[in-house]
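Comments concern the structure below.
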Amino acid sequence: MSKPAVETFSGTEELVAAAAARFVAEVVEAQRSRGSASVVLTGGGTGIALLELVRQAPGDIDWAKLDVFWGDERFVPTGDPERNELQARQALLDHVPVDPARVHPAESSSGDYPDPLEAAGEYAATVHAYLAEHGSFDLHLLGMGGEGHVNSLFPHTDATREEHALVVAETHSPKPPAVRVTLTLPAVRRSRHVVLIVSGEAKAAAVAAALNGASPLDVPAAGAIGSESTTWLLDEAAASDLPR
């Protein structure tokens, strides 16, 4: 596993631009090296903003040779504005020539698997099939909450304790909506490159704890590690508790 690197930017705009550039660079390099690429998307304000920037400046990405996954999904009906999938489609995927067969959302609560445990099992089958063929995700993007959660992995929850399954259902999320489908820390670690994109002073303490060896059970972001690289992209506010 890789040792985390930290890059700090003056503000959120610069941070999001750097994250979008990293997205393009990692996808292009993976396609150059292996013929195709995979990315695991994150939601939230910065996660969606970077997708909008990628849409504007996609570089040399071959969209037909890109597999798209999500780190977590809110278990709400199809078309609900809370869906990470819907937000990502509006920001990027509906505007570029991706292969629909290579876009892999988790089921919605109004889909073919209305039980969240069944939906998690279906998504797990998709993830396992991809990793059995390709070995790893190329790029896993992550936001982080003020208490250190990533994906829908919150402190001191069974989902965060999970050591083997790659996908689980979180049915008591402390952040609404309560029911979600999420990749686990073992799944995050099946990524070549993990990039955490964090802004705001309210997250500074969790950033410092994660980078200073906190237990992933206390600060789940501490367990988000890529096999080749782990990069924290921070604005100055989020980095304010780190040593200067």
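A simple count of charges around residue 36, restricted to other residues whose Cβ falls under 11 Å of its Cβ and scoring Lys, Arg +1 and Asp, Glu -1, yields -1. Ellipticity at 222 nm from helices only: DSSP H runs of n ≥ 4 in the chain, each -39500 (n - 2.57), divided by the residue count, give -10000 deg cm²/dmol. If a/c stays under 1.5 just call it rounded; otherwise compare a/b with b/c (prolate if a/b is bigger, oblate if not). Do that for region 1-79, with a ≥ b ≥ c from the square roots of the Cα gyration tensor eigenvalues. In terms of gyration-tensor shape, rounded.
Straight-line cross-link reach from residue 3 at under 28 Å between alpha-carbon atoms covers these lysines, not counting any fewer than eight positions away in the same chain: 203. Neighbours of residue 207, meaning other residues whose beta-carbon lies under 12 angstrom from its beta-carbon, give a summed charge of -4 when Lys and Arg score +1 and Asp and Glu score -1.
List the GluC sites (Glu not before Pro) within region 95-200 that DSSP assigns to loop and that have no more than 12 neighbouring Cβ atoms inside 10 Å. Sparse-neighbourhood loop GluC sites (Glu not before Pro): 163.
Membrane-span-like helices of the chain, defined as complete DSSP H segments with a Cα extent of 30 Å or more along the helix axis and a mean Kyte hydropathy of at least -1.0, are identified as 12-34. Tally Lys/Arg at +1 and Asp/Glu at -1 over every other residue whose Cβ is under 9 Å from the Cβ of residue 64; what's the total? Taking every other residue near residue 64 into account, the sum is 0. Of the beta bridges in the chain, as assigned by DSSP with both residues counted there, near 25 percent are antiparallel. In plain terms, if you count all Cα to Cα distances in region 26-170 and split them into 5 Å steps from zero, the share in each step is 2, 9, 17, 23, 21, 16, 8, 3, 0 percent.
None of the figures in this text is laboratory data; all of them are computed from the coordinates on show. Because the structure is predicted, anything quoted here is derived from the model rather than measured. We place every Cβ from the backbone using ideal geometry, glycine too, and count neighbours over all the protein chains shown.
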